Each structure stands twice: as structure tokens, then as C-alpha cells.
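We did not get these values from a lab; they are worked out from the coordinates using the rules stated. Remember, predicted model here, so these are calculated numbers, not experimental data. Backbone-built Cβ (ideal geometry, glycine too); neighbour counts: all protein chains shown.
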Amino acid sequence: MKIALINPEIPQNTGNIARLTAGIGVELILVGTIGFSLEDRYLKRAGLDYWDKVNLKVVLDLKEFESMLDKFECSAFISKFGNKLYTEIPLVSSGDTLLVFGNETRGLPDNFHQKYSDFFYRIPMNENIRSLNLSNSVAIVAYDYLRRTGFCSLT
């Protein structure tokens, strides 16, 4: 499994997600426009002293990222507009699964909604809020996927 953040905006969220990816041993891919410096003190603080354990890749061009999607056996885009639940993300026997998350204020780019609509999944929530916190959403989906695989990447 790999986790991609498209145009992340809030360093604390990205720091928390980086810490999570270090803890579960998966690659973190930051894509597009990053709304802060990778040297940001809030980013570093949220990731604590785990940055040397983060498998980090930065892809600044969205087109380049889209060309990478064919390398994954399964790409799952997490959005409140998904028609399927995150618990329905297919498990793959070989290859990688890529979990793709949009940014904190705009979500995933509009063209992703059109091009990849069959691969959109959502976390259920009521209408009282607009969205869940990004780092919480990543944790929910990543740990459920790990649970369904028997936590194989953690052993």
C-alpha cells in the first residue's frame, strides 16, 4: 500500500500522516502544489523525530502522478463524493494499492472526479459536518485496509 496526498495544505496534517506512514511502513507520496515548506516547523513537529523513517516521494506535476497510476493494481480515491464505502476497496494479491486523498479545503481535483469516478470511495458521515480531518481520514482508511490484509505489512 502507498498513500498519496494531492496538493496538501496544512503542515500538521501532513506531519501526522507522515508519522502514520512511518509507523505502518508505507510510502507517502506528496503530489502537486504543497502549501508549505517541507522544512516547516509545524510539519516537523507533527512528525516528531520519525522523519528519517518516512519513505517520502514528492511528485510536483499532477500529469506525472497520473502517469504513475497504471503501475498500481488498485488505485482508490477517497472523497465524500464516492459511491462506494472505503471498506469496499479491493484487496490485491500482487502489486500495490494506492490510497489517494485530496487536500483539506478543495478535496481532489475536479478532473479526477470525471476520470476516476469508478474508483471513488467515501467514509460515511452525517450531514452535520462538511468533512473529516484529513489525517483522521487517512488513518481510518489505511488501518482498515491493513486489518483486511491481516496487518501483513506490519509483521
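Only residues that are in a helix (DSSP H, G or I), under 21 Å from Lys63 (Cα atoms) and under 15 Å from the mean Cα position of the chain (by Cα): list them for the range 118-143, please.
Phe119
Does any residue of the range 38-56 turn out to be free of Cβ contacts under 8 Å to residues at least 60 places away in the same chain and more than 23 Å from Asn13 (Cα to Cα)?
no
Under 9 Å between Cβ atoms, at least 6 apart or on separate chains: pull out the pairs that start in the range 101-113 with a residue that is in contact (Cβ under 8 Å) with a residue 40 or more places away in the chain and buried (at least 18 other Cβ atoms within 10 Å of the Cβ) and end on any residue that is small (Gly, Ala, Ser) and part of a helix (DSSP H, G or I).
Phe101/Ser137
Return yes or no: is Glu66 out of contact with any Ser or Thr (no Cβ under 7 Å at 6 or more places or on another chain), among the acidic types (Asp, Glu) and exposed (fewer than 14 other Cβ atoms within 10 Å of the Cβ)?
no
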